[in-house]
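The values are calculated or read from the model by the stated rules, or taken from the named source; none is laboratory data. Just so you know, these numbers come straight off a predicted model, no measurement behind them. Cβ: placed from backbone, ideal geometry, glycine included. Neighbour counts: every protein chain shown. For accessibility, only protein heavy atoms count, side chains too; no ligands or nucleic acids. Shrake-Rupley method; radii C 1.70, N 1.55, O 1.52, S 1.80 Å.
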Amino acid sequence: MLQYYIFYKPFDVLSQFSREGEKQTLADYFKEIPKDIYPVGRLDLDSEGLLLLTNDKSLTHRLLDPSFAHKRTYWAQVEGKPDEAAIKKLASGVEINVNGKMYRTKPAFAKIFEEAPIVPERNPPIRYRKNIPDTWISLTITEGKNRQVRKMTAAVGYPTLRLIRYSIGSISIDVLEPGTYKTISADKVKLLFDSK
């Protein structure tokens, strides 16, 4: 039977079930799910947000194969106050280093939050610098290079301090708190490729 879960991965948790040193893993949060359930893709240790887990191999292939582009939206808290020029660069594509080679990112949707989004406290919190402001931006991309969003914001001069994957397609973390998960239906999974 095909099963689908969405999980709000907290900061400092590995996107895997197998142990690696003292770090928390998915096994600390998923105590009683079938052994054939695996995460689709990953979020870095220092990133938070939406992670999909399933035993649906065709869905996994579709989400991981670059030829099936799908939208992922990230909320990034960046150091400094990006100007419109920086946001336009993020949207049109920037040069980042991928496996030792320069790569131009595909067009994206980027905007500055007028007010910081309401997000859970992070433990530990990001470093606070009184003299340097920070800004939240929303960035929707259709590809998933290693540490892509962090590299993109750094390329335009605004390093990422905190990164949350808010949504994949039309499925978001709105219904979840960090460290919680819920099952979703096959019909809902179709929203992963909803272009709205």
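What is the ratio of the Cα radius of gyration of the chain to 2.2 N^0.38 Å, with N the residue count, to two decimals?
1.03
Hey, got the dipole for the chain? About the Cα centre, +1 on K and R Cβ, -1 on D and E Cβ, debye to the nearest 20?
With only Lys, Arg, Asp and Glu charged at Cβ, the dipole is about 540 debye.
Among the trypsin sites (Lys or Arg not before Pro) in the stretch 84-193, which ones are in a DSSP loop with at most 15 other Cβ atoms within 10 Å of the Cβ? Mind listing them?
The qualifying sites are ARG127, ARG129, LYS130.
Give me the 1.4 Å probe accessible area per residue for the stretch 51-196, excluding ligands and nucleic acids, in Å².
Using a 1.4 Å probe on heavy atoms only, each residue of the stretch 51-196 averages 58 Å².
For a Förster distance of 30 Å, can you work out the FRET efficiency between the beta-carbons of ALA69 and ILE118, rounded to the nearest 0.05?
That gives a FRET efficiency of 0.50.
Going down the list LYS106/LYS130; LYS71/LYS111; LYS31/LYS182, which pairs span over 24 Å between their C-alpha atoms?
From LYS106/LYS130; LYS71/LYS111; LYS31/LYS182, over 24 Å: LYS106/LYS130.
Compute the length gained on full extension between LYS111 and GLU143: take 0.36 nm times their separation in residues and subtract their Cα-Cα distance, giving the result in nm to one decimal.
The LYS111-GLU143 span can extend by a further 9.7 nm.
Using a 1.4 Å probe on the protein chains only, how many percent of the accessible area of the stretch 1-98 belongs to carbon and sulfur?
C and S atoms contribute 52 percent here.
Tell me the trypsin sites (Lys or Arg not before Pro) within the stretch 19-84 that lie in a loop according to DSSP and have at most 15 other beta-carbon atoms within 10 Å.
Listed in order of number, the matching sites are ARG19, LYS23, LYS31, LYS35, ARG42.
Per DSSP H run of at least 4 residues, take -39500 (n - 2.57); add these up for the chain, divide by its residues and hand me the 222 nm value, nearest 500 deg cm²/dmol.
-4000 deg cm²/dmol
Distance between Cα centroids, the stretch 141-196 to the stretch 1-41: provide it in whole Å.
Value for the Cα centre distance between the two parts: 17 Å.
Only sites in a loop by DSSP and with at most 13 other Cβ atoms within 10 Å count here; which chymotrypsin sites (Phe, Trp or Tyr not before Pro) in the stretch 92-196 make the cut?
Sites meeting the loop and neighbour criteria: PHE113, TYR128.
How many nm separate the modelled label positions at ARG127 and LYS31, each set 7 Å beyond the Cα in the direction of the Cβ?
3.8 nm
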